[in-house]
Every structure is written in C-alpha cells, then in structure tokens.
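Beneath this line is the structure, given in structure tokens, with notes to follow.
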Amino acid sequence: MTLQQLQYVIALDTYRHFVTAAEKCFVTQPTITIQVKKLEEEIGFLIFDKSKFPLKPTDLGEVFILKSKEILREVSELKNMVNIELENLEGEYRMAVIPTISSYLIPLISGSISKKYPNTILKIEEMESDHIIKALQKKEIDIGILVTPLNEPFIRETKLYNEPFIFYGHKDFFNTEKQTISIEEIEHLKNIWLLEKGHCFRNQVLNICGQLENTKNIQFKSGSIEALKKMVDNYGGFTLVPEMAIHSTDLGLVIPFSEPKPIREVSLVTHHTFSKDVLLDALRVEILEHTPKAFEKNERFIKINWR
C-alpha cells in the first residue's frame, strides 16, 4: 500500500470516473486502474463497485476512503511541520572553527548574526581540523569552518572563499623594496616561524615552502599567528599568514605573492545528515558580506591542501 495509491482512490471517489481522475492526477487511465486494482487485491475487498455508473464506493470502500483521507491529511500536516522546522533558525547549534580562521572571522560576523537572529544560539569553539572531522563524524558538533577539501564521504562541504597567503617578514628582511614574491623565492629563504604541529595551516605553509630550516638559536612554535608575527617583528625571520591576519598596524614587511597566488579554500562543513540548510545559507551570507570581496575574485591561484 502506497500513499500514491491512496491519492488515486480519493481522486476516483471525488470524480467517480477513471479518465477524469487520471487526468487530475496527471497519469494515464491504465495507470490509475492498475494501481487501484493492486490495492484492492492487497486489502482483500473492492473499494469501488465498477458496475455502477458513475462509480460508487462499496460499503467497505466508504470506510477505507474516509480513513485514507485522514492518513493523507496527517501526512500533509507532517510535511508542513517538517518544512516549517527546516526553515526555522531558532535553536541551539554547536560550531567549531579552526584557530587560524576563528580569530579573524568570528569577531566580524558575531554582531550581525546576533542582531539578525536573536533566537539562534551558536556555541562556537576553536578546534583543530582533525578534531572537527572526528566531532562531525560523532555528531558532537553541527557545523565546522575549516580548510577544504577534506574528501570524507560523511561530510558535506559548502565553499565560502579562497584566502591568499601573505609573506610576513622582518622590516629588514630584504634590502630592496619588493612588490611581490614568488613561491620559488620562498623555497630558498631561511629562518621561518611555524605554527606548532596539529595545525593544518602549518602543513599548508610547509607544502608551499618545503622543509625550511630555522638557523636561529631560539626555536619557537606557537598556536597563534599573532605570536609568530611578533617573533618576526622582534627577532627577525619570516612567516606566512592568511590575508585576514594582516592589519594596518603591523610592523613587519607585508608582501603579496605573485600570480598564481597560493590560497586556502575555506568552507562550511556538516555531517551529510544535517538538514538545516537555512542556517548554512544564513551563515554563508554573513561570512561573505564581512570578508574581503577580492577573496572571491582570484581567477588564478594555487590551492594549497593540508592533508
């Protein structure tokens, strides 16, 4: 027994004619005839007395039709409830963001999201990429923001933007003023400051630069990009940072890469069973409104993976 068969029965009861009922259901007359016959065979009695013209329900058919209408009405109400719930942003959601994104992105969007969606509670925490993936798999969080692609079968990715890498060096790192720097030049430099192991941004930087060495007698790895910038300012050397980590008050030498620029792809990620697309759309709109427009306009770039 299917809902479609019940709809055919109700159409026949309404129009009392096979051809008219079929037209109203947008199917052929043989289709509705065959499906109603299958249904009658399954339930063990005739729903309609086909010897009468127009069609007339049998006594048991009357009862069956009444119950069918109740069932289809309840199904319709259930669909409406689900649709309303899917379109409703109210509720509490858990979101994890990698540290090299959260410090720069979350302060930009928090105010507008709070104002637009006062009944939406976002519990946001910093979490490294591998931990976000595991938490999504276990459904311990609802949404993640991190660098993609992940190539995980249980994860759905919604791309947000491409963020360029920027060279950040001590103000005396180069003797001449440079407008751009190439990946090939980076490969021959020394004294790079890196994030500690576990950060996907560290892996991306190593994928760009290769296994560079730091010849200074102080070896320092941090979980903070801002800390690495301060090491560059006060102790020399260089590092690579995401573009959103650059501020007008920075003391170091800021040099963009020449084309094609190395970039990181930033995405919203969810478990493939997550159904609140309306929330994803709202977050995506807010994020794209508060991030540099140039991020979406890079036509030539090199996507740097971290896995």
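The values are calculated or read from the model by the stated rules, or taken from the named source; none is laboratory data. Please read these numbers as outputs of a predicted model, since none were measured by experiment. Here Cβ is always computed from backbone atoms with ideal geometry, including for glycine, and neighbour counts include all displayed protein chains.
Brief remarks on what is shown
- Unique residue being assigned by TED's automatic domain parsing to the domain that holds residue 147, modelled with pLDDT under 85 and surrounded by 14 or more Cβ atoms within 10 Å (Cβ to Cβ) when the list is 303, 276: 276
- Condition broken by residue 184, with the remaining ones in (1) at pLDDT below 95; (2) buried (at least 18 other Cβ atoms within 10 Å of the Cβ) satisfied: (2)
- Which listed residue, of 77, 23, is in a helix (DSSP H, G or I) and within 30 Å of residue 119 (Cα to Cα): 77
- Residues of region 7-31 classified as in contact (Cβ under 8 Å) with a residue 12 or more places away in the chain and within 19 Å of residue 49 (Cβ to Cβ), total: 10
- Meets criteria (on the phi < 0 side of the Ramachandran plot, surrounded by fewer than 20 Cβ atoms within 10 Å (Cβ to Cβ) and in contact (Cβ under 8 Å) with a residue 24 or more places away in the chain) for residue 160: no
- Here residue 157 clears all of (1) more than 23 Å from residue 294 (Cα to Cα); (2) touching a Pro at 6+ places or on another chain (Cβ under 9 Å); (3) not hydroxyl-bearing (Ser, Thr, Tyr) except the condition numbered (1).
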